[in-house]
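J.: One structure coming up, written as structure tokens, with questions to follow.
The values are calculated or read from the model by the stated rules, or taken from the named source; none is laboratory data. Computed from a predicted model, the values in this text were never measured in an experiment. Cβ placement follows ideal geometry from the backbone for every residue including glycine, while neighbour counts extend to all protein chains displayed. The area values use the complete protein model at the heavy-atom level, side chains included, leaving out ligands, DNA and RNA. Shrake-Rupley method; radii C 1.70, N 1.55, O 1.52, S 1.80 Å.
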Amino acid sequence: MSLAAIFLSAVLVNNFVLYYFLGICPFLGVSSKIDSALGIGMATTFVMTMTVFVTWPLYYYIISPETGFNLPFLEYVVFILVIASLVQFVEMFIRKFFSHLYKALGIYLPLITTNCAILGMALFMVLREYSYIESMVFGFSAGVGFTMVITIMAGIREDMKYAPIPKIFKGAPVTLITAGLLALAFMGFSGILSP
Amino acid sequence: MLKEFIKGLWKDNPVLRQLLGMCPTLAVTTTALNGMAMGLATTFVVVSAGIVVSLSRKLIPKQVRIPVFTVIIATFVTVVDMVLKAYFPQLSSALGPYVPLIVVNCLILGRQEAFTSKNPIHLAISDTFGMGLGFTFILIVLGSVRELIGAGTWFGTVIFPTGPAGFKPLVIMVLPAGAFITLGLIAALYNLINLKVKGEV
């Protein structure tokens, strides 16, 4: 698969949120303001790219049955620990060296650990046997796709505040149905890539 | 003890009330069977992790509790993954990467943080078991609706025979968009019932 195809696939066609249902929690929880949606999206993209950077060598040189020490039962434990410590590290690094960025992203950073999109991305990377470069592009574009959808959703929800919504549909139901319509719209992109 | 068990089933239902564990809820419920399998796997993990966390709650330092909980959960998920691969290979490949993703199901971590790390073991078991069953219940409902309308079957049995003159499955129901919309309608029904009980509608 070419790098451009991986990018388009992860951003538009098989979008992480709308196709794989990964990262739904921040998608439903945080996406009510465009600013905060953009912030969490950028932080997630950064952590995703960093996760690939670390987990790919870890998997292929240590865990993998073929090229490593055959420790597949450690895969999930190692991945989640890498993500958790990476988030912690990124948080400390940004706080120390980019204090204005930290003020913008600060509170969203710790939440990223429990974003299933990141662990999901690491698992897909292994399942699809991407090379190191392909994995980096995949991680970055998964983050871009996540940022795009969560920002679109935040825009819709900002407008929806003033819509007359029936009482029983207030809150979760109308958000879920909006997400469904968005997923329906994104199905239109499926023609970009031939199967 | 019974109170802790019951609250997960309806009043504090993890999916409809707390919006936790949405990823597996939406992703695997293309059929009722997949939904049930995911629900039971999650129940096993949340109860086992709950027992361990509750027993070791006085040993875990507060500062590192989240990583410790996560490692405990990841261990039980690995167990579930291996058992599924060994004894139910078909189910395991149908659920795919969503089995390992149970690790980041916020429902499980949420229960450890909010309940089992502060309560003795018998309460921890009844709370997590109730939450697990409440989760499984919604997954089966969602899976049933999507499978019935999307394929005309229920747990693999043909309910509406398809054919030239028969039932035409609505394919959108098994696609991602159908999952969002169906769960949205189920959540609206949940609100409606709750408001009816309170007499506000």
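J.: Might you check whether a residue that is under 21 Å from B:Gly134 (Cβ atoms), small (Gly, Ala, Ser) and modelled with pLDDT under 90 occurs anywhere in region B:107-115?
T.: So far as region B:107-115 goes, yes, one or more of its residues are under 21 Å from B:Gly134 (Cβ atoms), small (Gly, Ala, Ser) and modelled with pLDDT under 90.
J.: For region B:186-200, which residues satisfy the criterion of being at the interface with chain A (Cβ under 7 Å from one of its Cβ atoms) and either of a type in the set (Lys, Arg) or surrounded by fewer than 18 Cβ atoms within 10 Å (Cβ to Cβ) (or both)?
T.: Listed by number, the residues that qualify are B:Leu192, B:Leu195.
J.: What is the residue count in region B:66-84 for residues that are open to solvent by 70 Å² or more (accessible area, probe 1.4 Å) and touching a residue at least 12 places away in the same chain (Cβ under 8 Å)?
T.: 0
J.: Follow-up. Which one of these does A:Ala84 not meet: (1) aliphatic (A, V, I, L, M); (2) within 21 Å of A:Arg128 (Cβ to Cβ); (3) surrounded by fewer than 23 Cβ atoms within 10 Å (Cβ to Cβ); (4) within 14 Å of another protein chain (Cβ to nearest Cβ)?
T.: It is condition (2) that A:Ala84 fails.
J.: Still on this structure, I have one more. Just checking, does region B:6-17 include any residue being open to solvent by 10 Å² or more (accessible area, probe 1.4 Å), farther than 30 Å from B:Thr153 by Cα and in a loop (DSSP other than H, G, I, E, B)?
T.: Yes, the conditions are met somewhere in region B:6-17.
J.: Would you point out which residue out of A:Ala43, A:Ala10, A:Ala4 is more than 14 Å from every other protein chain (Cβ to nearest Cβ), farther than 16 Å from A:Gly120 by Cα and touching a residue at least 12 places away in the same chain (Cβ under 8 Å)?
T.: None of the others qualify; the one that does is A:Ala43.
J.: Within region A:176-185, identify whether any single residue is of a type in the set (Val, Ile, Thr) and in contact with a Lys or Arg (Cβ under 9 Å, 6 or more places away or on another chain), and answer yes or no.
T.: Yes, region A:176-185 has at least one match.
J.: Moving on. Could you list all residues from region A:13-40 that are small (Gly, Ala, Ser) and either buried (at least 20 other Cβ atoms within 10 Å of the Cβ) or within 14 Å of chain B (Cβ to nearest Cβ) (or both)?
T.: Of everything in region A:13-40, those that are small (Gly, Ala, Ser) and either buried (at least 20 other Cβ atoms within 10 Å of the Cβ) or within 14 Å of chain B (Cβ to nearest Cβ) (or both) turn out to be A:Gly23, A:Gly29, A:Ser31, A:Ser32, A:Ala37, A:Gly39.
J.: Now for a separate question. Does any residue of region B:156-169 turn out to be of a type outside the set (A, V, I, L, M), surrounded by 13 or more Cβ atoms within 10 Å (Cβ to Cβ), within 21 Å of B:Cys23 (Cα to Cα) and more than 8 Å from every other protein chain (Cβ to nearest Cβ)?
T.: Scanning region B:156-169 turns up no residue that is of a type outside the set (A, V, I, L, M), surrounded by 13 or more Cβ atoms within 10 Å (Cβ to Cβ), within 21 Å of B:Cys23 (Cα to Cα) and more than 8 Å from every other protein chain (Cβ to nearest Cβ).
J.: From B:Leu95, B:Leu101, B:Leu123, which residue is away from chain A (no Cβ under 14 Å) and among the aliphatic types (A, V, I, L, M)?
T.: Just one listed residue meets the conditions, B:Leu123.
J.: Which one of these is outside any loop (DSSP other than H, G, I, E, B) and open to solvent by 50 Å² or more (accessible area, probe 1.4 Å): A:Phe140, A:Phe124?
T.: A:Phe140
J.: Exactly one of (1) over 14 Å from the mean Cα position of the chain (by Cα); (2) more than 12 Å from chain A (Cβ to nearest Cβ); (3) in a helix (DSSP H, G or I) is unmet by B:Arg111. Its number?
T.: (1)
J.: Condition check: closer than 20 Å to B:Phe44 by Cα, surrounded by fewer than 20 Cβ atoms within 10 Å (Cβ to Cβ) and in contact (Cβ under 8 Å) with a residue 40 or more places away in the chain. Does B:Phe129 satisfy that?
T.: So B:Phe129 passes the test.
J.: Return yes or no: is A:Glu129 of a type in the set (D, E, K, R), in a helix (DSSP H, G or I) and open to solvent by 30 Å² or more (accessible area, probe 1.4 Å)?
T.: no
J.: What residue, of A:Glu66, A:Glu75, is under 15 Å from A:Leu127 (Cα atoms) and modelled with pLDDT of 85 or more?
T.: A:Glu75
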